[in-house]
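To start, the structure itself, in structure tokens.
The values are calculated or read from the model by the stated rules, or taken from the named source; none is laboratory data. Just so we're clear, the structure is a prediction, and the values are computed from it rather than from any experiment. Every residue, glycine as well, gets a Cβ built from its backbone with ideal geometry; the counts of neighbours run over all protein chains shown. Ligands, DNA and RNA are excluded from the accessible area calculation, which covers all protein heavy atoms including side chains. Shrake-Rupley method; radii C 1.70, N 1.55, O 1.52, S 1.80 Å.
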There are 2 protein chains.
Amino acid sequence: MTSMPFEDKKKSRVTLLDVARRANVSRATASLVIRKSPLVGADTRARVEQAMRELGYVYNMGAARLRAERSHTVGVIVPNLTNPFFAELLSGIEAVIDSAGMVVILANSGDLVERQDMVMRRMREHGVDGVIICPAAGTEPAFLHQLADWDLPLVQVLRQISEEVDYAGSDYAAGMRQAVDYLASLGHRTIAFAVHGPIHSAYRERVEGFCDAMQSRGLDPNLIVGLPIQIGEIADAAHLLFGEGEQPTAVICFNDVIALGLSAGLYDRGLKVGENFSLIGFDDVTDAEAMRPRLTSVSTGPVAIGGNAARLLLDRLADPIRPSHRVVNETVLHIRQSCGPVAVSALQQSR
Amino acid sequence: MTSMPFEDKKKSRVTLLDVARRANVSRATASLVIRKSPLVGADTRARVEQAMRELGYVYNMGAARLRAERSHTVGVIVPNLTNPFFAELLSGIEAVIDSAGMVVILANSGDLVERQDMVMRRMREHGVDGVIICPAAGTEPAFLHQLADWDLPLVQVLRQISEEVDYAGSDYAAGMRQAVDYLASLGHRTIAFAVHGPIHSAYRERVEGFCDAMQSRGLDPNLIVGLPIQIGEIADAAHLLFGEGEQPTAVICFNDVIALGLSAGLYDRGLKVGENFSLIGFDDVTDAEAMRPRLTSVSTGPVAIGGNAARLLLDRLADPIRPSHRVVNETVLHIRQSCGPVAVSALQQSR
């Protein structure tokens, strides 16, 4: 898998990345020079301007901004459509893009880099004005930089690959801390973390957030349990929570899909969620509202994240060379009915 | 809302619909004439051929088939992405379209005709090779005919607006009969039907199927209850099942989203699904596998319908003027745990 998989139809054109490389600075720095930012020192500025002259680089901001061939279409690429989180994210994106008189077209990468390449190539061929992408696990930063250099306005959503590309997400680590703190306040000491799916930045942020929060309370963060992707298979894998070591009295779920599946699996084992076992979801999707007992979940605010990503893209379309921006939502713990104080017997056992 | 909302860039070109109108036959009949089908009588054939001559109509099948400007992209337009049914439908479409070396781009009409118009126009401008559409409620047949006449290969999925356009769906009426027959076999006589959403062909087919099945058993089909669209609001509306008349002992749900929501609402009322109240879903989405008790549901086979729609579109791309085809899946009742024999007390009350 190469990270620059497209035939570059504009190969003869000098890009900002070419300038940055020649001047031995980052693309972001080269962009700051063009914008005449005071953040760039005189030496760096001189070096970038020399590289621009040598390469014959011209950036016509007005032309880019007023580009006549706008298609009024925004491409959105997500890794997965079966998780209701993405439907909510999309509704947030659509609300903002609609208001701007533009249309969203969506593609599913299946979290596969090869498929993402193909989908992205087609979107570019179709002339979308810009793309909001939740990068497939394993996406290289160079993939995004190449797209940015093709003047394809781009926003990363949920997962971040490059600091040089706009990003909208949520503070997953803080969300994990909220979940751990809440369970600890209820007396839980052996807390499992149920995860699934491939490794990406949002995965790492959650796992690190969980481990840090557990360790800062002197609790063992090593009960991390991998579960199947398919919701129908999660229930039958609930036994994985209960291995040979200390038995957990609570589980924090990587997302609400896992919470929904585990809720069924715990029921099958005769455990009563909210009474003798505690369960916390993550994302707080609306489907969780139909769970009984009602699911306590850390809201990552999918609709809000979608709206933020869409606004970042509109800003990027209006000003293609502004420095990259990050918008990171705060998470909110919605306490409902799925957690309770640790049972005295379990407490004695786990001490 | 006009039903032909697009600026027709090919206005000067004579279309098959022009020929059909001139000859006073349907577009399907004109298509059969071009294909030299034996199903068309000599008189009709002569009339169509005369119209073709008079209008100067030429259909170059080879050119259409080998069209160089193929984008290898299929547009899919769905009314709603929050119902997991559509994610499963899409996975069925993608599996087939992927195998053909093509890419799916998706758009959400929000079940709004105006939005669907805009999305469809953009897809056409982007040069998709064909479109699979679940028409928004209120879509006029003329809308689909116009698209077909622009040589945009088209397949209707789930909802049917026109017999002249390919269609992939499921036998919803037969599915309703399976649900009613099963509940009747368990002794239920007062059975509610919980619906939501706007009126379209799939809605009508289900309601008619329910009413026919109830009436053919001498049961009252009038306990049809409208519920909110949002899953989080369905539970709180469960009381609507229990009005002033006879109290139902079972409910058939329009889809599994309703089943999921009502399951929570029945729990809130102290009813035990599968014990003293019976609940049947419709669609059998994988989310239903995480319900406890496990949901009995009529499978409409979303993945299979998606695959059928994609194959219809590929066949249509290969042969743009073949007569329209219909592929209608049989439904399967998946019996799990959410229904039980009617309680004796309820039986006495309802008789």
Checklist entry - Can you name the number of the only condition in (1) open to solvent by 50 Å² or more (accessible area, probe 1.4 Å); (2) under 21 Å from residue B:146 (Cα atoms); (3) modelled with pLDDT under 75 that residue B:22 fails? => result (3)
Checklist entry - Does at least one position in region A:230-241 carry a residue that is more than 27 Å from residue B:88 (Cα to Cα), modelled with pLDDT of 95 or more, touching a Leu at 6+ places or on another chain (Cβ under 6 Å) and open to solvent by less than 60 Å² (accessible area, probe 1.4 Å)? => result no
Checklist entry - Do you know which residues across region A:75-116 are more than 10 Å from chain B (Cβ to nearest Cβ), over 15 Å from the mean Cα position of the chain (by Cα) and open to solvent by 10 Å² or more (accessible area, probe 1.4 Å)? => result A:95, A:96, A:99, A:100, A:112, A:113, A:114
Checklist outcome for this item: Selection from region B:25-40 of residues open to solvent by less than 40 Å² (accessible area, probe 1.4 Å), farther than 19 Å from residue B:145 by Cα and either in a helix (DSSP H, G or I) or of a type outside the set (S, T, N, Q) (or both) yields B:40
Checklist entry - What number of residues in region A:143-157 are open to solvent by less than 30 Å² (accessible area, probe 1.4 Å) and not in a strand (DSSP E or B)? => result 8
Next on the checklist: Quick check on my filter: what residues within region B:159-183 are open to solvent by 10 Å² or more (accessible area, probe 1.4 Å) and either assigned to a helix (DSSP H, G or I) or free of Cβ contacts under 8 Å to residues at least 12 places away in the same chain (or both)?
Outcome noted: B:173, B:174, B:177, B:178, B:181, B:182
Checklist entry - Which of the residues spanning region B:41-72 are open to solvent by 40 Å² or more (accessible area, probe 1.4 Å), modelled with pLDDT under 80 and either in a helix (DSSP H, G or I) or closer than 13 Å to residue B:321 by Cβ (or both)? => result B:58, B:59, B:60, B:61, B:63, B:65, B:66
Item to check | First in region B:132-150 and under 12 Å from residue B:163 (Cα atoms), second anywhere and assigned to a loop (DSSP other than H, G, I, E, B) and small (Gly, Ala, Ser), Cβ under 6 Å, 6 or more apart | outcome: B:141/B:162; B:142/B:3; B:144/B:162
Checklist entry - If you check residue B:135 against the conditions, is it part of a loop (DSSP other than H, G, I, E, B) and assigned by TED's automatic domain parsing to the domain that holds residue B:339? => result no
Next on the checklist: Conditions first: (1) closer than 30 Å to residue A:295 by Cβ; (2) surrounded by fewer than 20 Cβ atoms within 10 Å (Cβ to Cβ). Residue B:196 passes all but one, so which condition is the exception?
Outcome noted: (2)
